[in-house]
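The values are calculated or read from the model by the stated rules, or taken from the named source; none is laboratory data. It should be emphasised that the depicted structure is a prediction, and the values quoted were computed from it without experimental measurement. So basically every Cβ, Gly included, is an ideal-geometry build from the backbone, and we count neighbours across all protein chains shown.
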Amino acid sequence: MPRAAASIALTSPVEDVPGVGPELGDALRALGVPSVAHLINHLPFRHEREEAEQPINQISPGQRAATRGEVSSTRVSGGYGRARRFEAVLMDETGRLDVVWFHRPGLHRTIHPGMRLLVSGQARRHGPYLRMANPAFRVIDGEEPPRRQARLRPIYPASERITSGAIERVVGAALEDALPLIEDHLPEAFCRERDLPSLAEAYRMLHAPTDEEEIPRARRRLAYDELLFLQLAILRDRLANDLRRAAPLPVTEEIDARIRGRLPFALTPGQDEAVADIARDLSRDRPANRLIQGDVGSGKTVVALYAMLAAAAHGRQAALLAPTELLAEQHFESVSGLLKGSRVRLALVSASLASAERERVEADIAAGHADLIIGTHALLTERVGFRDLGVVVIDEQHRFGVRQRTALQSSTRADAPAPHTFVMTATPIPRSLTQTIFGDLDITSIRGLPPGRGRIQTLVRTPADRAEIDAVLTERCARGEQAYIVVPAIETDASLADVRSTLERIRGGPLAGRRVAAVHGRLSRASRQAVMERFRLGAIDALVATTVIEVGVDVPNASLMVVEHAERFGLAQLHQLRGRIGRGGRDSLCVLVAEPRTPDAQARIEAIAATSDGFALAEKDLEIRGPGDLAGVRQSGAPALRVADLLRDTALVALARRDARDWLTRSPRLNRPEDTLLARRLDKAIRAAGE
């Protein structure tokens, strides 16, 4: 038996709400609504206007209306199967209304003559009578309910087990008793100055609005709260970082010259600017916390190596964290080549190392016998402890969560200074997000590419153009150039191109007699290395691959990429893949084989074909997907945004940022008594974002 409404608390299980039994409670829990607090926080995503009921003879053509009456007759007519329609005639004491439900012949089992129905929809003239097509309806069973008044009906995220209407009834049963229990973390005067309703009133306005003006007012309050939490989290982290101490690693002219002497080429102007930022950061006793973003192929790895070698020059260790074993191996091989003959000691840490070898490498790291350590997530385990970590470089930062990044920063001795941290991405951050989601980081943007790069042309084709695509593949390989063929899966059903079927088709068709191989994530490290090395040396003409080649692979002779089912890849991912070609002097070609079936997929394909500018594509990606769906946002560790929109709410973002800065000026640790509730809710939002 549910308890009386008066006993409800925000922490009460949802089954304590009157009318919620075990079955309904299970359905709500499956929807992420286990308690009364979660119920109140389960917000409608839109509202529909429900018209007040009218007698049939007062309804006008073209009007959205609601009415009730008795079903006088029904029939199923027209066509076969689902093409048939169900028709009924509804009568009240004032007149007749025809109703029809297209493609729903099965309603004859639900609606019968003699029943009373409440219907709502748009009425149109149809012969001598008005007709409603596909109206919402409710069977009136038993006692006649009161006539419906005009209102704004909330529409909730629902599931197959529980409808929006059922959720609305549960919210209605709890709302009156729950609202007075909601404490506001913002002072009343603070809200009044910013024209914000109280928190409880904002929830009431969304769940039970009295007019349309209340809905945007409520949304503005809840959006402001999200943005304030976001800015407080970012600025508090930045403040905490400013209070930590790092060992300065000044880059003298001698150190700079020695590092540059190891490079086989001169740095580009963009790289020089990035190196200057790094040197400035390393000279301070405050730990660096810098994002280095650049387009695909802009030379971020060399910039990262500069920071790592600066640490080694001061006898400190440096670690580079890569998201995949393939990329870690590529970094290790390229850095080993650059440092050949030097006294700098390198180590590679990955999950695929043999047990004895891994133990030896970990012992070297702990003893300080390894200067530059390159690895994957394996670096984040408790088994890896650094003796004197001075610099941390995190490659492709959007692949790592904030907790993982913090774990690496903390994996040195407890009494050691904090390391300087540099995070790199070839997925540029849109300008509108740099001061919000990533406001705790200093940002360096590497513009421009190294000299000698060829132009990349991008073509969009469909599977119907297979003969043309194969001809290009044959021609390029006949000229001694190399090609990638990227597929979305290793093995799948016949509906998708995969590694196995594509390999068979190409070997027996356009590249018969040519050297064709495959690489994917299921291969062992040794096998992947062997295939990639053969491809790099020109011993393989075409490589069929999954997205394991998305980052870090550098084969100057590769001038063609064919991406199968390109509509299944994200915009940033397509740009990363395309960046594997065009690394030599010759012009290259990227062919996207696509059949986009959604507006977003079409927009992605059009965007990638229109420009090769990664910064412009980042802005377009933000426009298509919204900020909450971008990989870098999801991994930022910042409190999530459910109501706020960083693109639409720019004025609110500025207000929240100013207020957060003022708040932390008054209370840097949010430890005043009046900040207790705000601090608790902020910490809860941060924990939720990290889960």
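Within segment 230-259, restricting attention to residues that are more than 21 Å from Pro419 (Cα to Cα), buried (at least 16 other Cβ atoms within 10 Å of the Cβ) and out of contact with any Pro (no Cβ under 8 Å at 6 or more places or on another chain), the residue that is modelled with the lowest pLDDT is Gln231.
Conditions (1) in a helix (DSSP H, G or I); (2) modelled with pLDDT under 90; (3) at positive phi, marked per residue:
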{"position": "Leu263", "(1), (2), (3)": "no, yes, no"}
{"position": "Ala279", "(1), (2), (3)": "yes, no, no"}
{"position": "Ser298", "(1), (2), (3)": "no, yes, no"}
{"position": "Leu305", "(1), (2), (3)": "yes, no, no"}
{"position": "Ala328", "(1), (2), (3)": "yes, yes, no"}
{"position": "Asp364", "(1), (2), (3)": "yes, no, no"}
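Report yes if some residue within segment 544-553 is under 24 Å from Glu595 (Cβ atoms) and small (Gly, Ala, Ser); otherwise report no. Within segment 544-553 (the criterion being under 24 Å from Glu595 (Cβ atoms) and small (Gly, Ala, Ser)), the answer is yes, since at least one residue qualifies. The residues of segment 98-137 that are closer than 20 Å to Gln58 by Cβ and among the charged types (D, E, K, R), listed by number, are Asp98, Arg116, Arg124, Arg125, Arg131.
For Ala310, the test of being over 29 Å from the mean Cα position of the chain (by Cα) and either under 22 Å from Arg580 (Cα atoms) or of a type in the set (Asp, Glu) (or both) is failed. Restricting the search to strands (runs of 3 or more DSSP E) fully inside segment 1-100 and requiring at least 3 residues that are surrounded by 13 or more Cβ atoms within 10 Å (Cβ to Cβ) and assigned by TED's automatic domain parsing to the domain that holds Val139 gives 64-77, 85-92. Of all the residues in segment 549-594, those that are under 20 Å from His520 (Cα atoms), assigned to a loop (DSSP other than H, G, I, E, B) and touching a strand residue (DSSP E or B) at 6+ places or on another chain (Cβ under 8 Å) number 6.
Please work out if Glu143 is modelled with pLDDT under 95 and assigned to a loop (DSSP other than H, G, I, E, B). Criteria met by Glu143. Within segment 448-485, the set of residues being among the charged types (D, E, K, R) and either loosely packed, with under 13 Cβ neighbours inside 10 Å or closer than 18 Å to Ile605 by Cβ (or both) comprises Arg455, Arg461, Asp465, Arg466, Glu468, Glu475, Arg479. Ala202 meets the conditions (1) assigned to a strand (DSSP E or B); (2) of a type in the set (A, V, I, L, M); (3) closer than 25 Å to Arg220 by Cβ in every case but one. The failed one is (1).
Residue-wise test of (1) modelled with pLDDT under 90; (2) within 34 Å of the chain's Cα centre (by Cα); (3) of a type in the set (Lys, Arg); (4) more than 26 Å from Gln293 (Cα to Cα).
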position	(1), (2), (3), (4)
Ile437	yes, yes, no, no
Gly454	yes, yes, no, no
Leu459	no, yes, no, yes
Leu473	no, no, no, yes
Arg476	no, no, yes, yes
Gly480	no, no, no, yes
Val486	no, yes, no, no
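The set of residues from segment 335-349 being closer than 19 Å to Val392 by Cβ and either in contact with a Phe, Trp or Tyr (Cβ under 9 Å, 6 or more places away or on another chain) or in a helix (DSSP H, G or I) (or both) comprises Val335, Leu346, Ala347, Leu348.
Within segment 529-565, being within 19 Å of the chain's Cα centre (by Cα) and surrounded by 22 or more Cβ atoms within 10 Å (Cβ to Cβ) holds for Glu550, Val551.
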